[in-house]
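The values are calculated or read from the model by the stated rules, or taken from the named source; none is laboratory data. Model, not experiment: these values are computed from the prediction. Note: ideal-geometry Cβ built from the backbone for every residue, glycine included; neighbour counts use all protein chains shown.
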Amino acid sequence: MRKRHISRHMPVALILSLVLCAPVFAKPPNVVIIFTDDQGYGDVGCYGAEGYATPNLDKMAAEGARFTDFYVPAPVCTPSRGALMTGCYPMRIGLGYRVLFPYSKEGLNPDEVTLAELLKGAGYTTGMIGKWHLGHHKPFLPTRQGFDTFFGTPYSNDMNGYYYKSQNFLSPPLPLLRGEEIVESDPDQSLLTRRYTEEAVKYIRAHKDKPFFLYLAHNMPHMPIYPSDAFAGTTEHGRYGDVISEIDWSVGAIMKALEEAGVADNTLVIFTSDNGPVTGQRKSPDGPYQSGSAGPLRGRKNQTWEGGMGVPAIMRWPAKIPAGTVVKELATTMDILPTLAGIVGFSLPDVTIDGKNILPLMTGEAGAVSPHEVFYYYRDNRLQALRSGPWKLHLFRPEWKEKTETPLLFNLLKDRGETNDVAAEHPDVVRRLQGLAETARHELGDAVTGQVGSGVRPWGVFGPEAAG
Ligand code: MG
């Protein structure tokens with residue numbers, strides 16, 4: 001059923017076939033995406049964080065737009081990152097199956113057209129720094145998926161000399177790559193945020209004279225978490241606060257680099273996280289520490305409660321986004337690719353894209369509403385919930401001990417914390433959302449009901465089975 005085949009020539013052909021339209025703006029903006037790992041909805045000052053400050057992120061929000069209802073379409077790393085790169089639900093691109101491991105043969109199919117490939121096709125230089133996690137075999141690396149340069153780790157920072165019992169596989173020490181070469185093994189993780197930031201600043205300085213796309217995907221605060229010595233012990237929220245404080249410093253350093261390069265006004269900087277936080281007390285080699293927070297949202301990473309997939313999102317682009325914009329409409333990381341298509345003027349690839357152009361929301365256009373009639377919450381390949389307008393329907397909760405056949409309905413406008421089930425009072429709404437769930441199952445599939453989606457595309461598989 002799955003086409004286990006990789007064509008290395010396809011992306012180039014697709015890109016060459018793209019017809020560039022006139023850009024919406026005379027001078028296309030530089031694009032910087034800062035993507036943190038497992039930073040929760042409540043882990044930024046302007047989203048209510050306590051015990052540490054994030055002055056640079058707060059300033060970025062005050063000077064740009066802050067989103068209250070921004071989502072990633074998966075509560076874990078790999079599928080979330082695939083969605084950002086392609087503008088699609090992870091299920092659509094074959095990545096709705098947990099995360100990739102150092103023993104995995106799979107990756108983001110090189111046939112998919114990534115945001116980096118599209119921007120490169122539109123004349124941008126493209127650089128990636130940080131965690132990729134969309135396949136560590138060469139055909140899947142950032143350098144084969146549209147990025148001119150790459151410095152970072154191919155997967156998560158905990159996949160470091162770890163023995164995977166079920167696979168009888170001992171992973172190598174965490175590789176740090178430059179381009180496609182391993183330049184270090186088991187790097188000092190307390191220096192990763194600082195080193196990535198220094199690379200980012202260098203990148204901005206080197207490429208300020210033509211449009212650039214910089215994708216900075218921090219390994220932190222994915223556990224095990226490490227601040228550098230300069231930040232260790234500086235906050236009242238222990239190690240976690242120190243790590244977020246250093247990420248905030250990094251945001252400030254990037255803003256300063258953009259200012260000094262004279263490009264800050266026409267650079268769109270997007271800050272968000274790949275999924276919700278790990279919560280509660282965690283262990284590390286140096287002892288236990290308090291971890292992240294989803295703020296007022298229920299749940300955490302790995303879950304389809306709001307806290308698993310609702311993330312902080314801040315966008316700054318002084319040339320177009322009015323200072324102090326607050327966006328309360330639903331938007332997602334899938335929207336970034338089609339929004340940039342509208343801004344820069346490149347055509348979308350000739351495949352189904354789930355994201356929508358949210359420029360009117362970003363720029364605070366009066367009366368602008370979310371372009372999404374519905375948003376689907378998949379956990380791996382299981383459709384667990386969906387949202388339409390203010391309504392969120394939970395279809396299936398795996399953590400329930402007693403299997404319930406009764407869906408839960410929440411009005412997120414009144415009850416973002418998902419505490420008051422109103423399904424019994426709104427049977428018509430439940431029925432409407434159940435109908436929308438059927439559409440998703442038909443199109444994207446659902447392991448809960450055993451349906452295979454008619455609109456899904458295959459992931460990439462590396463190895464002999466892909467040779468044919
Ligand atoms: Mg993550």
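Would you point out the residue of segment 223-238, among those that are in a loop (DSSP other than H, G, I, E, B) and over 20 Å from Glu198 (Cβ atoms), that is nearest to the ligand (Cβ to nearest atom)? I'd like the intermediate steps shown before the answer.
Filtering segment 223-238 for residues in a loop (DSSP other than H, G, I, E, B) gives 223-237.
Filter once more, so that each one left must be over 20 Å from Glu198 (Cβ atoms): 223-224, 233, 235-237.
Working: Met223: 10, Pro224: 14, Gly233: 25, Thr235: 22, Glu236: 25, His237: 19 Å.
Looking at the filtered set, the residue picked out is Met223.
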Self-check item: Flag for Glu259 being within 20 Å of the chain's Cα centre (by Cα) and either among the basic types (Lys, Arg) or more than 15 Å from the ligand (Cβ to nearest atom) (or both)
Solution: no
Quiz item: Which pairs have Cβ atoms under 7 Å, sit 6 or more apart or on different chains, and link a residue in segment 291-302 that is in contact (Cβ under 8 Å) with a residue 24 or more places away in the chain and outside the structural domain of Thr419 (by TED's automatic domain parsing) to one that is within 15 Å of the ligand (Cβ to nearest atom) and among the acidic types (Asp, Glu)?
Solution: Gly292/Asp38; Gly292/Asp43; Ser293/Asp43; Lys301/Asp38
Exercise. Just give me the residues in segment 262-301 being within 16 Å of the ligand (Cβ to nearest atom), surrounded by fewer than 21 Cβ atoms within 10 Å (Cβ to Cβ) and not in a loop (DSSP other than H, G, I, E, B), in sequence order.
Key: Thr279, Arg282
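Looking at segment 239-256, can you tell me whether even one residue there is part of a loop (DSSP other than H, G, I, E, B) and either in contact with a strand residue (DSSP E or B) (Cβ under 7 Å, 6 or more places away or on another chain) or at pLDDT below 95 (or both)? Reasoning before the result, please.
Residues of segment 239-256 that are part of a loop (DSSP other than H, G, I, E, B), as a first pass: none.
Checked against the condition, which is being part of a loop (DSSP other than H, G, I, E, B) and either in contact with a strand residue (DSSP E or B) (Cβ under 7 Å, 6 or more places away or on another chain) or at pLDDT below 95 (or both), segment 239-256 yields no hits at all.
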Quiz item: When segment 424-446 is examined, which residues are found to be surrounded by 17 or more Cβ atoms within 10 Å (Cβ to Cβ) and more than 14 Å from Phe375 (Cα to Cα)?
Solution: Val429, Val430, Gly445, Asp446
Quiz item: Quick check, is Gln303 out of contact with any His (no Cβ under 6 Å at 6 or more places or on another chain) and within 27 Å of Asp415 (Cβ to Cβ)?
Solution: yes
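Helices (runs of 4 or more DSSP H) wholly in segment 50-140 with at least 3 residues that are over 24 Å from Phe462 (Cα atoms) and touching a residue at least 40 places away in the same chain (Cβ under 8 Å) - which ones? Explain how you work it out, then say what you get.
Details: elements: 55-63, 77-86, 115-121.
Helices (runs of 4 or more DSSP H) meeting the threshold: 55-63, 115-121.
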Exercise. Report, by residue number, each residue of segment 168-195 that is within 16 Å of the ligand (Cβ to nearest atom), touching a helix residue (DSSP H, G or I) at 6+ places or on another chain (Cβ under 9 Å) and in a helix (DSSP H, G or I).
Key: Thr193
Self-check item: segment 302-343, residues that are surrounded by fewer than 24 Cβ atoms within 10 Å (Cβ to Cβ) and under 15 Å from Tyr377 (Cβ atoms)
Solution: Asn302, Gln303
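Listed here are the residues, each with its yes/no results for (1) closer than 19 Å to Gly295 by Cβ; (2) more than 16 Å from the ligand (Cβ to nearest atom); (3) surrounded by 24 or more Cβ atoms within 10 Å (Cβ to Cβ).
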site	(1), (2), (3)
Tyr41	yes, no, yes
Glu50	yes, yes, no
Lys59	no, yes, no
Asp69	yes, yes, no
Thr114	no, yes, yes
